[in-house]
1. Tally time: how many residues in the stretch 55-87 are within 25 Å of K99 (Cα to Cα) and touching a Lys or Arg at 6+ places or on another chain (Cβ under 8 Å)?
2. Run down P19, P103 and say which single residue is at pLDDT below 90, out of contact with any Leu (no Cβ under 6 Å at 6 or more places or on another chain), surrounded by 10 or more Cβ atoms within 10 Å (Cβ to Cβ) and not in a helix (DSSP H, G or I).
3. Tell me which residues, restricted to the stretch 42-83, are outside any loop (DSSP other than H, G, I, E, B) and either at positive phi or among the hydroxyl-bearing types (S, T, Y) (or both).
Amino acid sequence: MATSKKPASASPKKIPAKPVASPAKAADKPAKARKPKLVRDSFTIPKIEYGVLDELKQRAAKLAHPVKKSEVLRAGIKALAALPDAVFLTALEAVPAIKTGRPSQS
């Protein structure tokens, strides 16, 4: 009597277990810093004040720290945020209100 053997490939395959990370190894890796979400916006600014942005960029370049316009604006925002309320209000009152929207074609 001949007995039939199942081929070796018919037996269920064993899935190798994934190595479990030890708590010591997980603590060694620094957490990845998430990039801040960026927002794109547009605004209207008087030409004279826009020129001041360029002057500030040139001033930073002379100090061996070239910057972009957005970096100058962000630095200004940080400086304003650090002001006490009374000084902040004085700074806001020194800026005249302008009509919002696109400038006319003149």
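1. Total meeting the criteria: 2.
2. Selected residue: P103, the only one of P19, P103 that is at pLDDT below 90, out of contact with any Leu (no Cβ under 6 Å at 6 or more places or on another chain), surrounded by 10 or more Cβ atoms within 10 Å (Cβ to Cβ) and not in a helix (DSSP H, G or I).
3. Hits for the stretch 42-83 are Y50, S70.
The values are calculated or read from the model by the stated rules, or taken from the named source; none is laboratory data. This structure is a prediction, so every number in the text was calculated from the model and none was measured. No Cβ is skipped: glycine too gets one built from the backbone with ideal geometry, and neighbour counts run over all protein chains shown.
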